[in-house]
Each structure stands twice: as structure tokens, then as C-alpha cells.
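The structure appears right after this line, and notes come after that.
The values are calculated or read from the model by the stated rules, or taken from the named source; none is laboratory data. Since the model is a prediction, treat every value here as computed from it, not as a measurement. Every residue, glycine among them, receives a Cβ derived from its backbone with ideal geometry; neighbour counts consider all protein chains shown. Ligands, DNA and RNA are stripped out before the accessible areas are found, and what is left, the full protein with its side chains, is counted by its heavy atoms. Shrake-Rupley method; radii C 1.70, N 1.55, O 1.52, S 1.80 Å.
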Amino acid sequence: VTLDPSLMDSELRRALFDEAAEFEEIADDFVLEAGGEAEEEFDYEAHVAKLLAEASMEDEEDAEEEDAEEEEVDEAFEAALAEYDDEEEEGEARIELEEGFFDEMLEESLRRDEVIEAERADEATKRRVL
């Protein structure tokens, strides 16, 4: 397929048509060279073992970093908890809730949900009627 040079990528156009352009030339027999015998045989199993060892070392380093970060968070939590306990011991006011407070809040929330659902059902009925 012959392409109009104006449609080509500028680098490709320069390589094909610009005599003054500086590009590395590839030998005509590069396919034969690439397909030829390697100077030394590639040891696939050794290569995979090397990759696995590197990955394992990276995993260990990541685990150590995570452990250090987790330890920092734990220490910060313990320090905050100790500070909170100290404040509590100094007579800081505490909020004490009446028995059944959360049950009442839950019931009120459920009642509101029922009202909202009823309003939505009424609106849907009105839309169908219109």
C-alpha cells in the first residue's frame, strides 16, 4: 500500500525521503540475524527464578513497610487513647444517655422513613392519574 507522504508520520517521512536525515540503518539481513542462533543459550528457568526472587524481595520490603506503618498507627492510637483516659480522669464532663435513647432514635427514624415512602407512593399515584 502506497501512502501519500503528507499522510505519513513526520519521522517516517523523514526516514524515507530526507537524504540528510540521520537515522540508524538496519542491515538488509536483519531478519536472518535475528532468527539465527544465539551466542549463548537462554536459560528460561534461571530467568524465571531470578524474577521470582526479585518479586519475593519486593514483597518482603513492602510487608516491612506496611508493618512499620501499622506500628506507627497503633502507637498513635495508643497515645490518643491514653490522652483521652487522662482527660476522663481529670473530671472532664461525660455525656450520659438515658436508657432507651437509641431505641427511641431508631423508632423515630423508621417513622420518618414510613412517611417519606407514603409521600412517594402518593406522588407516583398522582403521576399515573395525570
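With 0.36 nm allotted per residue and the present C-alpha distance subtracted, the GLU98-THR125 stretch has 5.5 nm of extension available. Which of the following values of Rg/Rh (Cα atoms, Kirkwood Rh) was calculated from the structure shown: [x] 1.41; [y] 1.24; [z] 0.95? Given [x] 1.41; [y] 1.24; [z] 0.95, the calculated one carries the label [x].
The label point for GLU72 and the one for MET105, both projected 7 Å from the Cα toward the Cβ, are 3.4 nm apart. Which one, ALA55, ALA68, ALA118, has the greatest fluctuation when you compute a Gaussian network model over the chain with C-alpha springs under 10 angstrom? The residue with the greatest mean-square fluctuation here is ALA118.
From the residues SER10, ILE26, GLY100, which one has its Cα farthest along the dipole of the chain in the positive direction, the dipole being from +1 and -1 charges on Cβ of Lys/Arg and Asp/Glu about the Cα centre? In the chain, that residue is SER10.
Model label points for GLU58 and GLU114, set 7 angstrom from Cα along the Cα-to-Cβ axis, are 5.9 nm apart. For the chain, the solvent-accessible area works out to 100 Å² per residue, with a probe of 1.4 Å and every protein chain left in place. Using the beta-carbon distance between GLU65 and ASP43 and R0 = 22 Å, what value does 1/(1 + (r/R0)^6) give for FRET efficiency, to the nearest 0.05? E(calc), rounded to 0.05, equals 0.10. Computed over protein heavy atoms with a 1.4 Å probe, the carbon and sulfur contribution to the accessible area of segment 8-61 reaches 52%.
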